[in-house]
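Have a look at the structure below before the remarks.
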Amino acid sequence: KGYISNIGECIKSDELLIKKFEEVIKKMQDKNMNIKIGTIATGDIFCTDIKMKDKINKKFNADAIEMEAGSIAQVCYLDKIPFIILRSISDNPDGKNEITFEQFLELASKRCAEILKKFI
């Protein structure tokens with residue numbers, strides 16, 4: 001657990017891309033978005049249990065848990081391609097979500113598009 005073949009425990013996003021992203025989000029702080037730069041843990045489970053979320057957070061200092069970004073990061077790292085991951089988190093491990101996935105999908109798509117336009 002926690003080891004990525006030929007890499008180690010962590011794959012870091014490109015520092016220049018992170019700085020550029022930080023500039024974009026500073027300008028967007030007045031929007032009704034909770035934007036955070038942090039650590040994303042990735043694995044092969046849906047993390048629906050608060051105890052598991054807390055365990056992963058404690059071990060990896062993870063701000064979010066998901067299932068896809070690690071693969072993207074690994075391929076980019078091994079092929080020496082600078083990368084940054086933008087995630088929109090829709091669910092809580094306690095199941096107390098404020099809106100449905102369908103409602104969130106529309107909102108998140110618009111927000112990600114707005115962020116990416118400013119980033120590019």
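If we scan region 50-65, do we find a residue that is within 17 Å of F119 (Cα to Cα) and touching a residue at least 12 places away in the same chain (Cβ under 8 Å)? The answer is no; no qualifying residue exists. Here K117 clears all of (1) part of a loop (DSSP other than H, G, I, E, B); (2) of a type outside the set (V, I, T); (3) closer than 23 Å to E15 by Cα except the condition numbered (1).
Being touching a Ser or Thr at 6+ places or on another chain (Cβ under 9 Å), at pLDDT 90 or above and either surrounded by fewer than 14 Cβ atoms within 10 Å (Cβ to Cβ) or over 25 Å from K1 (Cβ atoms) (or both): is that true of F21 here? Considered against the rule, which asks whether it is touching a Ser or Thr at 6+ places or on another chain (Cβ under 9 Å), at pLDDT 90 or above and either surrounded by fewer than 14 Cβ atoms within 10 Å (Cβ to Cβ) or over 25 Å from K1 (Cβ atoms) (or both), F21 comes out as yes.
Scanning region 45-67 for residues that are open to solvent by 90 Å² or more (accessible area, probe 1.4 Å), in a loop (DSSP other than H, G, I, E, B) and either of a type in the set (D, E, K, R) or over 16 Å from C10 (Cβ atoms) (or both) yields a count of 2.
What number of residues within region 11-37 satisfy the criterion of being part of a loop (DSSP other than H, G, I, E, B) and over 12 Å from I84 (Cα atoms)?
Residues meeting the conditions: 9.
Quick check: anything in region 89-101 among the small types (G, A, S), surrounded by 11 or more Cβ atoms within 10 Å (Cβ to Cβ) and assigned to a helix (DSSP H, G or I)? The answer is no, given that none of the residues of region 89-101 is among the small types (G, A, S), surrounded by 11 or more Cβ atoms within 10 Å (Cβ to Cβ) and assigned to a helix (DSSP H, G or I).
The values are calculated or read from the model by the stated rules, or taken from the named source; none is laboratory data. In this text the structure is predicted, and so the values were computed from the model without any measurement. Using ideal geometry, Cβ is built from the backbone for each residue, glycine included, and neighbour counts are taken over all protein chains shown. These area figures cover heavy atoms from the full protein model, side chains too; ligands, DNA and RNA do not enter into them. Shrake-Rupley method; radii C 1.70, N 1.55, O 1.52, S 1.80 Å.
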